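Worksheet: one structure, shown below.
Taken together, the values in this text are just the output of simple stated rules run on the coordinates, not laboratory data. Nothing here was measured: the structure is a model prediction, and the numbers come from that model. Please note: Cβ atoms are built from the backbone with ideal geometry, for glycine as well, and neighbour counts cover all protein chains shown.
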Amino acid sequence: MNKDEVLLTQEGLAKIEEELRELKTVKRKELAERLKVAISYGDLKENSEYHSAKDDQAFMETRILMLERMLRNARIVDEKSLNLNEVTVGCIVILNDIEFAERLEYRIVGPAEANAADNKISYESPLGKELLGKKVGDVISVNAPMGILQYELLKIKATS
């Protein structure tokens, strides 16, 4: 994998395409209207509405460029042909937290899709890095700020 390549699941690709569409259509029009109203107030030097809208516009255009670059460099993970004998991007892992005897479930995704609230962890995260290539029954040790965390890999499964 080259350094610019972005691994995405089909779901992640759809979300990025939807966000890009929303930014280029709806959000651009909204910001253009905000700018028009702010300009109508006159004296742009001390016009906080104008400066706020310009800042938002710069942020949005940067986000659009980032999303377009992600899509250009995207490699879609074929989740239907995952090898479930070892952990790979796109699979779901079920772990046992050895210290707390707690069962955890995570989906391994690319950094662009990672979202801890949805139990999606990046293959570039400390836990994700340790999990890649592991097999059921392996014990994974992760160096965390609070010390070494250990997990036993209980199951590897597909998303559907």
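Listing for the model above:
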quantity	calculated
Additional length obtainable on full extension of the chain from Glu105 to Ala14, 0.36 nm per residue less Cα span	30.5 nm
Semi-axes of the equivalent ellipsoid for the stretch 6-76, Cα gyration tensor, largest first, Å	32, 11, 6
For the chain, share of DSSP beta bridges that run antiparallel, in % to the nearest 5	75
The chain: relative contact order as a whole-number percent, Cα under 8 Å and 6+ apart	23
DSSP loop trypsin sites (Lys or Arg not before Pro) with at most 13 other Cβ within 10 Å: longest gap in the chain	4-134
Degrees separating the helix 48-72 axis from the principal Cα axis of the chain, which is the longest one	40
Whether the stretch 58-119 is rounded, prolate or oblate, judged on the alpha carbon gyration tensor where a/c under 1.5 counts as rounded	oblate
Principal axis dimensions, largest first and in whole angstrom, of the chain by Cα	68, 37, 27
Additional length obtainable on full extension of the chain from Ala58 to Glu124, 0.36 nm per residue less Cα span	20.9 nm
